[in-house]
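The values are calculated or read from the model by the stated rules, or taken from the named source; none is laboratory data. Being a predicted model, the structure only gives us computed values, none of them experimental. All Cβ positions, even for glycine, are placed from backbone atoms using ideal geometry, and neighbour counts span all protein chains on display.
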Amino acid sequence: MPWAAGRSTLLIVFRPGGVEDVVAGLNRAYEHDDDYRSALHGLPSTGAALTAHPFGLATAAERTTHMAETIVLDDGGLKITAFQVNHEPVYPAVGYRFDYKGRSVVFSRDTIRWPNVVTHSADADVLIHEAQSEDARRVMLEALRRNGQDQRRRSRNSRP
């Protein structure tokens, strides 16, 4: 419902490769909802609310170091820097730094303590760092093992 908030432009989703499939799926999932809400409120349908903005992050050599970075947006005083984090075997795994009017916020996805996170958040005003409880992880793995579903080493493309 971007129109309900007064937004008339598509929301841009920045992510390394693969974002096109994610955005297309979300747009498709909410296609009918947009039509229904438009009909209910008498406003024109806005169509898809998201647009993909894929970006390259790391060369093959940089990928193994997990230290690459790239500026994905530098417009109107807003600068967004994407930086690689280590979440092996998942790739790409990234964090983002948002700089605007002398302030900064860093958001890092799930990763181990990693120099690239430290570097990009060193002088940030706010750091939001996703983490996972080790106790919760152990409970989850034990439940999987008890049910014969230890999937830690399966690729996302393999199916049981």
(request) Read through the list (1) in contact with a Ser or Thr (Cβ under 6 Å, 6 or more places away or on another chain); (2) part of a strand (DSSP E or B); (3) hydroxyl-bearing (Ser, Thr, Tyr), then give the number of the only condition that residue 38 fails. (result) (2)
(message) For region 61-85, which positions are over 23 Å from residue 11 (Cα atoms) and either outside the structural domain of residue 127 (by TED's automatic domain parsing) or surrounded by fewer than 18 Cβ atoms within 10 Å (Cβ to Cβ) (or both)?
(response) 61, 62, 63, 64, 65, 67
(message) Within region 120-136, does at least one residue satisfy the condition of being within 20 Å of residue 67 (Cβ to Cβ) and touching a helix residue (DSSP H, G or I) at 6+ places or on another chain (Cβ under 8 Å)?
(response) yes
(request) Kindly indicate whether any position in region 14-27 is surrounded by 14 or more Cβ atoms within 10 Å (Cβ to Cβ), within 23 Å of residue 126 (Cβ to Cβ) and not assigned by TED's automatic domain parsing to the domain that holds residue 122. (result) yes
(message) Quick check on this structure: which one of 33, 99 is closer than 20 Å to residue 125 by Cα and either surrounded by fewer than 14 Cβ atoms within 10 Å (Cβ to Cβ) or touching a residue at least 12 places away in the same chain (Cβ under 8 Å) (or both)?
(response) 99
(request) Among the residues of region 63-88, write down those that are closer than 18 Å to residue 130 by Cβ and either among the β-branched types (Val, Ile, Thr) or in a loop (DSSP other than H, G, I, E, B) (or both). (result) 66, 80, 81, 85, 86, 88
